[in-house]
1. Of all residues in region 1-48, count the ones that are exposed (fewer than 10 other Cβ atoms within 10 Å of the Cβ), at pLDDT below 90 and assigned to a helix (DSSP H, G or I).
2. From 30, 38, grab the single residue that is in contact (Cβ under 8 Å) with a residue 12 or more places away in the chain and charged (D, E, K, R).
3. Give just the number: which of (1) of a type outside the set (Gly, Ala, Ser); (2) farther than 18 Å from residue 54 by Cβ; (3) open to solvent by 20 Å² or more (accessible area, probe 1.4 Å); (4) modelled with pLDDT of 55 or more does residue 150 not satisfy?
4. Within region 67-86, which residues are surrounded by 18 or more Cβ atoms within 10 Å (Cβ to Cβ) and either aromatic (Phe, Trp, Tyr) or not in a loop (DSSP other than H, G, I, E, B) (or both)?
5. Scan region 49-61 residue by residue and report those that are open to solvent by 10 Å² or more (accessible area, probe 1.4 Å) and either under 17 Å from residue 128 (Cα atoms) or part of a helix (DSSP H, G or I) (or both).
6. Of all the residues that make up region 87-112, how many are assigned to a strand (DSSP E or B) and of a type in the set (A, V, I, L, M, F, W, C)?
7. Taking the condition in contact with a strand residue (DSSP E or B) (Cβ under 8 Å, 6 or more places away or on another chain), at pLDDT 95 or above and either open to solvent by less than 30 Å² (accessible area, probe 1.4 Å) or aromatic (Phe, Trp, Tyr) (or both), does residue 122 pass?
8. Just to be sure, is residue 122 hydrophobic (A, V, I, L, M, F, W, C) and in a helix (DSSP H, G or I)?
Amino acid sequence: MSSPDSTIAGSRSGFASLAVWNHLAQFSEEQQVRQAAEVLRIAEYTAERLRSLSVRLQERGEPWAEDGIEVGHGGHALSVWFQRPRAEIARKYSLACVPLNLGGRRHDYSHVYVMPHVTQRLIDELLDDLSRPGAWAGGTGTAGPPGVRRPARRCPAPSATGRRGGRA
């Protein structure tokens, strides 16, 4: 949108259409409905677990998360966003990272897109790592000690395989 077309004569790759057709051909409508309901359930589970973690971090005064962590999830959405944790955790779980400028202040967020390969067990592993002391130390989210300017950090660089980590 609002950008020049860089494809030959406005053409698009047919691969996406083939991938959708392949999925539709492999799974019945009932299986697809069950799969959609399961990924929505896991997205809601992820958001609820992150909100519970936020309360625990606030209660224990976790450095860089003394005020809890910001968590967002819209109804019927497969994405869950939250304050960005340490780079090691973002890399381990291939968390997508997005810096936003809100009111002249940088806020760094990570987000999880729940797809069929993202299991509740994987979410539990992520939350276990996020609940460990130091998981948020040095993060560049919005919470943190007053008057302490956090160093600007970027999202983890892609590995040699081109992926940003290797988990979720």
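The values are calculated or read from the model by the stated rules, or taken from the named source; none is laboratory data. Since this is a predicted model, take the numbers as computed values, not measurements. Virtual Cβ from ideal backbone geometry, glycine too; neighbours counted across all protein chains shown. When the accessible area is computed, the model is the full protein with side chains, heavy atoms only, and any ligands, DNA or RNA have been set aside. Shrake-Rupley method; radii C 1.70, N 1.55, O 1.52, S 1.80 Å.
1. Number satisfying all stated conditions: 5.
2. Result of the check over 30, 38: 38.
3. Status for residue 150: all satisfied but (4).
4. Across region 67-86, the qualifying residues are 71, 80, 81, 82, 83.
5. Answer for region 49-61, where residues must be open to solvent by 10 Å² or more (accessible area, probe 1.4 Å) and either under 17 Å from residue 128 (Cα atoms) or part of a helix (DSSP H, G or I) (or both): 49, 51, 52, 54, 55, 56, 58, 59, 60.
6. 6
7. Against the criterion (in contact with a strand residue (DSSP E or B) (Cβ under 8 Å, 6 or more places away or on another chain), at pLDDT 95 or above and either open to solvent by less than 30 Å² (accessible area, probe 1.4 Å) or aromatic (Phe, Trp, Tyr) (or both)), residue 122 does not qualify.
8. So residue 122 passes the test.
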